[in-house]
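J.: Before I ask anything, let me first share the structure, which is written out below as structure tokens.
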Amino acid sequence: EYRKRVVDYMFAEYEAGRTPNPDVLCNREIKFDVFLKEALKLGAEKVATGHYCRLDEWTDNDGAKHYKLLAGSDPNKDQSYFLCQLTQEQLSYAMFPIGDITKPEVRRIAEEQKLATAKRKDSQGICFVGKVDLPVFLQQQLKAKEGNIHEILPHSPRFVRNCQDDDYKALAEPYRLTVRDGKKIGTHQGAHFYTIGQRKGLGVGGRTEPLFVIATDVEQNVIYMGQGEDHPGLYRRALHITENEIHWVRPDLAMREGERRHYQVRIRYRQPLQDAELIRTRDGLYIRFDEP
């Protein structure tokens, strides 16, 4: 089940030039679906996991229960991000017993209880696969294919958006880079092995500032890089969420077409929360950040 629902999806996404989040998928498809169903068959009432997040419930005037997914009390370990695809039904069976305590406290209790994991390092890498070199893992199914690396200078006209601050659709358009926009600085073994924002394992040195991947093109097999953390290619004012990718943990709070709301958002794990406006349209949702 894990291979079919998570690993195969991972390979397909990387092959298409996108970066999947296997942990989010694993929670939705495996821990709180396949595993939960098996647990219920065995007569279990709930499933407890070690996620650093909390759960709250309330009953509306019609007697229906609603479940709130809340951040963990340890700001350094909050894992509610990885549970963003869960449904109300899945949450109704969930227990998060360590959500309101900190990691050091968990370790102290584990040591007190003489658990083997008390001093073990935090688990890292791909769920159920472990810590592996991602390109090596992907090469099990995706072939290496040499291509060129092009550096794009920060003042490239491609990064200029000639539109109003409220034109969220134009602001959400991806940068359309071509090989003519920069110069070749090296080669790589396959654009599908790289992800936007990647800094390590690029194999190109001799720069005053670190290089980052700012775009990948799997069709032409080209990687585009830029120097420095403030390179405009690493920043966006808006993003688009397509209709089929919208998921409401709380369907009772779902936005209606034409509605706008201000939220604090993050687009990757452990990123500090960003102030942004969510805009609901016929073709999905737009996130317009207060700061790029």
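The values are calculated or read from the model by the stated rules, or taken from the named source; none is laboratory data. Please read these numbers as outputs of a predicted model, since none were measured by experiment. Cβ placement follows ideal geometry from the backbone for every residue including glycine, while neighbour counts extend to all protein chains displayed. For accessibility, only protein heavy atoms count, side chains too; no ligands or nucleic acids. Shrake-Rupley method; radii C 1.70, N 1.55, O 1.52, S 1.80 Å.
J.: Scanning for something within 30 Å of L69 (Cα to Cα), loosely packed, with under 12 Cβ neighbours inside 10 Å and at pLDDT below 95, does the range 258-269 turn up at least one residue?
T.: Yes; the residues of the range 258-269 include at least one that is within 30 Å of L69 (Cα to Cα), loosely packed, with under 12 Cβ neighbours inside 10 Å and at pLDDT below 95.
J.: Next question. If you scan the range 101-147, which residues turn out to be open to solvent by 60 Å² or more (accessible area, probe 1.4 Å) and in a strand (DSSP E or B)?
T.: Of everything in the range 101-147, nothing turns out to be open to solvent by 60 Å² or more (accessible area, probe 1.4 Å) and in a strand (DSSP E or B).
J.: Kindly provide the set of residues from the range 95-104 that are at pLDDT below 95 and over 10 Å from Y52 (Cα atoms), ordered by number.
T.: The one that is at pLDDT below 95 and over 10 Å from Y52 (Cα atoms): P104.
J.: Sticking with this structure for a sec: Being crowded, with 16+ Cβ neighbours inside 10 Å, β-branched (V, I, T), over 30 Å from C84 (Cβ atoms) and touching a residue at least 40 places away in the same chain (Cβ under 8 Å) narrows it down to one of V222, V204, so name that one.
T.: V222
J.: If you don't mind, there's one more thing I want to ask. In this structure, is Q90 closer than 28 Å to I267 by Cα, open to solvent by 30 Å² or more (accessible area, probe 1.4 Å), out of contact with any Ser or Thr (no Cβ under 9 Å at 6 or more places or on another chain) and of a type outside the set (S, T, Y)?
T.: No, not satisfied.
J.: While we're here: When only residues in the range 2-13 that are open to solvent by 20 Å² or more (accessible area, probe 1.4 Å) and of a type outside the set (K, R) count, which is nearest to L36 (Cα to Cα)?
T.: Here the answer is Y2.
J.: Next question, about the same structure. When the range 148-168 is examined, which residues are found to be in contact with a strand residue (DSSP E or B) (Cβ under 9 Å, 6 or more places away or on another chain) and open to solvent by 70 Å² or more (accessible area, probe 1.4 Å)?
T.: Scanning the range 148-168 gives L153, D165, D166.
J.: Next up: Name every residue in the range 237-246 that is open to solvent by 60 Å² or more (accessible area, probe 1.4 Å) and not acidic (D, E), in order of residue number.
T.: H240, N244
J.: Of the residues D275, D217, D252, which is open to solvent by 60 Å² or more (accessible area, probe 1.4 Å) and either among the hydroxyl-bearing types (S, T, Y) or in contact (Cβ under 8 Å) with a residue 40 or more places away in the chain (or both)?
T.: Being open to solvent by 60 Å² or more (accessible area, probe 1.4 Å) and either among the hydroxyl-bearing types (S, T, Y) or in contact (Cβ under 8 Å) with a residue 40 or more places away in the chain (or both) holds for just one of D275, D217, D252, which is D252.
J.: Specify which of the listed residues (L86, L55, L70) is in contact with a Leu (Cβ under 9 Å, 6 or more places away or on another chain) and either touching a residue at least 60 places away in the same chain (Cβ under 8 Å) or aromatic (F, W, Y) (or both).
T.: L86
J.: Now for a separate question. Taking T178 as the residue in question, decide whether it is modelled with pLDDT under 95, of a type in the set (S, T, N, Q) and surrounded by 14 or more Cβ atoms within 10 Å (Cβ to Cβ).
T.: No; evaluated as a whole, the condition is false for this residue.
J.: Hey, which of the helices (runs of 4 or more DSSP H) in the range 5-88, taking only ones fully inside, have at least 2 residues that are closer than 29 Å to A118 by Cα, among the hydrophobic types (A, V, I, L, M, F, W, C) and modelled with pLDDT under 95?
T.: Fully inside the range 5-88 and qualifying: 22-26.
J.: I would also like to ask the following. Can you pull out the residues in the range 89-100 that are part of a loop (DSSP other than H, G, I, E, B) and of a type in the set (D, E, K, R)?
T.: D100
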